[in-house]
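First the structure, which I've put down as structure tokens, then a few questions once you've had a look.
The values are calculated or read from the model by the stated rules, or taken from the named source; none is laboratory data. These numbers were taken from a predicted model, which means no experiment stands behind them. Glycine gets a Cβ as well: all are built from the backbone with ideal geometry, and neighbour counts include every protein chain shown.
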Amino acid sequence: MVRRILLIAFALVLASYVIWGRVEAHRLSNAVAVIAARGEPVTFDGNPPAPQTAEQRDAASLYAQAAELAYDRDIQENHRASRLDLDAPGGTEIPFDEIRTNYRGDDRAFQLLDRATPMDFHGFEAAQREPREFGSPRLESGLIDLGSFACLRADLASIGGDAETAVAALVPCIRLERTLYVPQHRSTHGVRILGSLRIFFRHANPSDTALATLQRAFDVWPEEDTMRTTVFLDRARFIEMTAGQPFPGVGFSIARRVFHPMWLASARRALPTFDESIAIAREPWPDRWNAVEQRQRAFRQQFEQRARSGWLTRFTDPFAGLFTWDYMAIRWSASELAARRIAALAVSVERYRRAHDGAMPASIQAPEDPYSGRPLIVKQDADGYVIYGVDTDRKDDGGVIYGFGAAPPTRIGPQSPRDFGIHVPLKQRQANPGARP
């Protein structure tokens, strides 16, 4: 009799647990449905644009083929092209002659890229965005690799003093930005383009026609604040993660089954965290940076408190104190916007200066610096002028430029005084004709 009562009690508890799991699954599903009803993505691929016309489909095909070739080659070379800064102090990791030989301008991937560049483009087909690696389409990685190769082609022409060829190579690099969907990749490529422009102005002496061509290319570079997009995609990745096993390991696999209703409830409670990030992304830049820094401090405190909690709490409420990517989302958005604005302003100033016997404009209407919320800084020095934003430390360090193509005389690290921008010399360095691709 006792045994029978125990079996009935166990069955009732098990049934209640299953019902609880279904209720929590329904509540989480409703929360996700509300997000989808607002037109916001609930899968990482979201709703990226797709080609609508024959020309757009041809452009997508050419870009996808070029990206696949670049991806395979970059894997073979251990991502070397992205590291080859031709103006790096101390030289490059392989001899210059070898760079010139290995990265020829007539490469098949470049031919495909150049054919796609002037065409109308409106995204990729869904099949072209497969397969996925680490949650992102491999196509995106290939496009970033293609950008590294294409910018290197432009750098070789710039070093050789061939301004016309350098511009012809830079335009496909700039236009490639329109193919990138993930904000992190857009930021990476945008900063790389700015690096190539630094090398271009240091070595080449372009005509006004060449500068006008560059200006038109920068004019069609999308001016988009991607911070909110990053949060949307981060949340979509989180939603996808909750549908599977969010953490690796046998222990978490067992815990997911044992504590399934609790995990669903934990995921549902974590979703509003992203709403706070989305609200921050609507703030003006200075307020946005302050809010992100404040959230980072709060997250660190939550992390320390959670580290002191017992293993049972971590298994039953795994998403408590969820960390969102505000810290990186704001950086990716700011760096892409700053790179585009600085590059476009530099080309505009150079067109004016070369048309007025080298004189700088009496006044410059500089666009907003996303790091400070104030206009970008334009400052002359003995060798030329610098256009810059104050970078992530949000301090004006006088135009200390770092990064790809900056050629700083000393190493500039994350804690060093630094600014984000470009230095344009008044006199170009002597060309190296042997560098032309």
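For the range 182-198, name all the residues that are among the aliphatic types (A, V, I, L, M), at pLDDT 95 or above and surrounded by 22 or more Cβ atoms within 10 Å (Cβ to Cβ).
Within the range 182-198, ILE193, LEU194, LEU197 meet the criteria.
Kindly provide the set of residues from the range 115-134 that are in a helix (DSSP H, G or I) and within 23 Å of the chain's Cα centre (by Cα), ordered by number.
ALA116, ALA126, ALA127, GLN128, ARG129
Does ARG104 meet the test of being in a helix (DSSP H, G or I) and of a type in the set (Lys, Arg)?
no
When you go through (1) in a helix (DSSP H, G or I); (2) in contact with a Leu (Cβ under 8 Å, 6 or more places away or on another chain) one by one for PRO41, which number turns out not to apply?
Condition (1) is where PRO41 drops out.
What are the pairs with Cβ atoms under 8 angstrom where one residue, in the range 194-216, is under 10 Å from ALA163 (Cβ atoms) and the other, located anywhere, is basic (Lys, Arg) and assigned to a helix (DSSP H, G or I)? Sequence gap at least six, or different chains.
From the range 194-216, the pairs are LEU211/ARG351; LEU211/ARG354.
In the range 54-62, is there at least one residue being in contact with a helix residue (DSSP H, G or I) (Cβ under 8 Å, 6 or more places away or on another chain), in a loop (DSSP other than H, G, I, E, B) and either touching a residue at least 40 places away in the same chain (Cβ under 8 Å) or more than 27 Å from PHE232 (Cα to Cα) (or both)?
No, the range 54-62 has no match at all.
Could you grab the pairs with beta carbons closer than 8 Å, sequence gap of 6+ or different chains, first residue in the range 35-52 and modelled with pLDDT under 85 and surrounded by 12 or more Cβ atoms within 10 Å (Cβ to Cβ), second one in a loop (DSSP other than H, G, I, E, B) and of a type in the set (Gly, Ala, Ser)?
Pairs found: PHE44/GLY135; PRO48/GLY123.
Determine which member of the set PHE121, PHE149 is touching a helix residue (DSSP H, G or I) at 6+ places or on another chain (Cβ under 9 Å), aromatic (Phe, Trp, Tyr) and farther than 19 Å from ALA70 by Cα.
Matching residue, one of PHE121, PHE149: PHE121.
Could you tell me which residue of the range 63-96 is surrounded by the fewest Cβ atoms within 10 Å (Cβ to Cβ), considering only residues that are free of Cβ contacts under 8 Å to residues at least 40 places away in the same chain and within 20 Å of HIS203 (Cα to Cα)?
Among those residues, the one meeting the criterion is GLY90.
Mind listing whichever residues of the range 383-428 are among the aliphatic types (A, V, I, L, M), surrounded by 14 or more Cβ atoms within 10 Å (Cβ to Cβ) and on the phi < 0 side of the Ramachandran plot?
Within the range 383-428, VAL386, ILE387, VAL390, VAL400, ILE401, ALA406, ILE412, ILE422, VAL424 qualify.
Right, something else. Please determine, by comparing only the residues of the range 284-308 that are part of a helix (DSSP H, G or I) and basic (Lys, Arg), which one is surrounded by the fewest Cβ atoms within 10 Å (Cβ to Cβ).
By that ranking, first place goes to ARG297.
Which members of the range 358-368 meet the condition of being over 23 Å from SER207 (Cβ atoms) and either touching a residue at least 40 places away in the same chain (Cβ under 8 Å) or more than 28 Å from the chain's Cα centre (by Cα) (or both)?
ALA362, SER363, GLU368
Restricting the search to the range 278-320, which residues are under 26 Å from PRO183 (Cα atoms) and either of a type in the set (Asp, Glu) or touching a His at 6+ places or on another chain (Cβ under 6 Å) (or both)?
GLU283, ASP287, GLU293 - these are the residues of the range 278-320 that are under 26 Å from PRO183 (Cα atoms) and either of a type in the set (Asp, Glu) or touching a His at 6+ places or on another chain (Cβ under 6 Å) (or both).
For the range 139-162, which residues satisfy the criterion of being more than 16 Å from GLU177 (Cβ to Cβ), surrounded by fewer than 24 Cβ atoms within 10 Å (Cβ to Cβ) and among the acidic types (Asp, Glu)?
ASP162
Which condition does ASP391 not pass, out of (1) among the charged types (D, E, K, R); (2) within 14 Å of ARG418 (Cβ to Cβ); (3) out of contact with any Gly (no Cβ under 9 Å at 6 or more places or on another chain), if it passes all the others?
The number of the failed condition is (3).
Just need a number here: residues in the range 1-34 that are modelled with pLDDT of 90 or more and among the charged types (D, E, K, R).
Residues meeting the conditions: 1.
Could I ask something else about it? Here are TYR371, TYR388: which of them is closer than 20 Å to SER335 by Cα, at pLDDT 95 or above, hydroxyl-bearing (Ser, Thr, Tyr) and part of a strand (DSSP E or B)?
Values: TYR371 fails: part of a strand (DSSP E or B).
Answer to the selection: TYR388.
Now, a different point. Tell me, yes or no, whether the range 10-33 has at least one residue that is surrounded by 13 or more Cβ atoms within 10 Å (Cβ to Cβ), within 20 Å of the chain's Cα centre (by Cα) and small (Gly, Ala, Ser).
No, that holds for no residue.
Another question, then. Among the helices (runs of 4 or more DSSP H) confined wholly to the range 215-281, which include 2 or more residues that are at pLDDT below 90 and under 19 Å from PRO48 (Cβ atoms)? So that I can check it myself, show each step before the final result.
On the way: elements: 227-243, 250-258, 260-270, 272-280.
Correct list: 227-243.
Just the residues that are under 18 Å from ASN78 (Cα atoms) and over 26 Å from the mean Cα position of the chain (by Cα), please, taken from the range 102-114.
Correct list: ASN102 only.
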